[in-house]
Amino acid sequence: MELVQGRPESCAGRLEKEIRCYDLLDSLGVSYQRIDHEAAMTMEACAAVDEVLDATICKNLLLCNRQCTDFYLLLTVGDKHFKTSVLSKEIGSSRLSFAAPEYMERYLDITPGSLSVLGLMNDHGHQVRLLIDEDVLKGEYFGCHPCINTSSLRLKTRDLMGKIIPAMGHEPRLVTL
């Protein structure tokens, strides 16, 4: 695995949703590095990628209330454990649980194992609220998938908060887990 600057030289064979991520970042003038790798479906599978990326790698979780009417994308540090009951209380929601995969695809155009904050660019109806664990923002660099789990990106955390999230039209809510 090799950390390279920016988008692939050729996007042949890459999914449109991945290419849209590069288009968004490039349009915002955001500098980023990329690693292409085998599919990383779990946090454990991301360990080798993490070493090369040298960034805060997030655990991305799509949560919803019991009625499946309120959806939340939670970004937290990879090794942090939390209780949904505590988070539910902090944000004033009924008990949260993991959202079914079909909601990930419907609202974010992402399949399980590829969940990423960049999927919010596909949430045109603003159905998903963004929750960010304050510990995610402590590192200089932030790591995420470009909506597909065969590549990972390294971005400056300040670009994530100052350029990328505002461009996607989502207001993040910081939480303490």
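The values are calculated or read from the model by the stated rules, or taken from the named source; none is laboratory data. Computed from a predicted structure; not experimentally measured. Because the Cβ atoms are built from the backbone with ideal geometry, glycine has one as well, and the counts that use them run over all protein chains shown.
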- Out of all the residues in segment 132-150, is one or more at pLDDT 95 or above, crowded, with 20+ Cβ neighbours inside 10 Å and farther than 27 Å from residue 2 by Cα? yes
- For residue 24, work out the one condition from (1) more than 13 Å from residue 145 (Cα to Cα); (2) more than 15 Å from the chain's Cα centre (by Cα); (3) surrounded by 13 or more Cβ atoms within 10 Å (Cβ to Cβ) it doesn't fulfil. (2)
- Query: List the pairs whose first member sits in segment 153-177 and is within 24 Å of residue 79 (Cβ to Cβ), whose second member is in a loop (DSSP other than H, G, I, E, B) and of a type in the set (Gly, Ala, Ser), and whose Cβ atoms are under 7 Å apart, counting only residues at least 6 apart or on separate chains?
  - Reply: 154/55; 157/139
- Are any of the residues in segment 57-66 closer than 11 Å to residue 153 by Cα and not in a loop (DSSP other than H, G, I, E, B)? yes
- What are the residues in segment 111-126 that are over 20 Å from residue 155 (Cα atoms) and either out of contact with any His (no Cβ under 8 Å at 6 or more places or on another chain) or in a helix (DSSP H, G or I) (or both), if any? 111, 112, 124, 125
- Task: Assess whether residue 60 counts as being buried (at least 17 other Cβ atoms within 10 Å of the Cβ) and either free of Cβ contacts under 8 Å to residues at least 12 places away in the same chain or touching a strand residue (DSSP E or B) at 6+ places or on another chain (Cβ under 8 Å) (or both).
- Result: yes
- Message: Can you tell me which condition residue 155 does not meet? The list is (1) in contact with a Phe, Trp or Tyr (Cβ under 8 Å, 6 or more places away or on another chain); (2) of a type outside the set (Phe, Trp, Tyr); (3) part of a loop (DSSP other than H, G, I, E, B), and all the others hold.
- Response: (3)
- Query: Among (1) touching a Gly at 6+ places or on another chain (Cβ under 7 Å); (2) assigned to a helix (DSSP H, G or I), which single condition is residue 86 missing?
  - Reply: (1)
